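Trainee: I have a structure here, written as structure tokens, and I will follow up with some questions on it.
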Amino acid sequence: MTSQSAATLRSRYVAQAASDLEENRRRQKELEERLSVLKQEEALLADILTLAERYEGFADASRLPEQVQDEPAAAKAKAPTRAAARRSAPAKSATTTTAPKAGAKGKSHQPLLGDLLAELLDQYEEPRPAKELRDELLKKHPDRNPTPQVVRNTLESLVAKGRIRRHKEQRSVMYTLVERDSD
């Protein structure tokens, strides 16, 4: 083996090791992000369980605290909706507009935002940014008007559930639907 062929072989090994290291770090970052989302979801679920346990005995209206019984119906409708919007999944908060309870009842037959976004992603082979998905959603469903942040949160929720995949290219984040055949 000549010194030139040894140098060529060594440079190939170095290039491959550098490439593998970069891929390893990229995958670690993806897993860290996924773990972060799962921890947030865990905290949300723990809060839901805590609330459910706290109010388990309040199923009967006669057992509700006096201040809650005396409140007008409109006040009762607004308070839980705001709290639920902060704690609920992004797909649920996207369906509420300004009318807290009446709007939610009227829209209960609509598909979830996550399902609509998954349907949109299913139409494309290449990754799509959240902004384009939101724009397309607004065109196809003019009755829906989620904020860009709600769309991003819903997409991240779908990533956490394994329904879609996140792709990062420099500073851009794009999404594709996970193929069902690979399960």
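The values are calculated or read from the model by the stated rules, or taken from the named source; none is laboratory data. The structure presented is a predicted model; accordingly, all values stated were derived computationally and were not measured. We place every Cβ from the backbone using ideal geometry, glycine too, and count neighbours over all the protein chains shown. Heads up: the accessible areas ignore ligands, DNA and RNA and are worked out on the full protein's heavy atoms, side chains in. Shrake-Rupley method; radii C 1.70, N 1.55, O 1.52, S 1.80 Å.
Trainee: Could you state how much accessible area Ser36 has, in square angstrom rounded to the nearest 10, with a 1.4 Å probe and all protein chains kept in place?
Mentor: Per-residue accessible area (Ser36): approximately 50 Å².
Trainee: Here's a follow-up. Could the peptides 37-50, 153-166, 131-144 be put in order, highest first, of the mean number of other beta-carbon atoms found within 10 Å of their residues?
Mentor: 153-166, 131-144, 37-50
Trainee: How would Tyr124, Tyr175, Tyr13, Tyr55 line up by accessible area, probe 1.4 Å, largest first?
Mentor: Descending accessible area places them as Tyr13, Tyr55, Tyr124, Tyr175.
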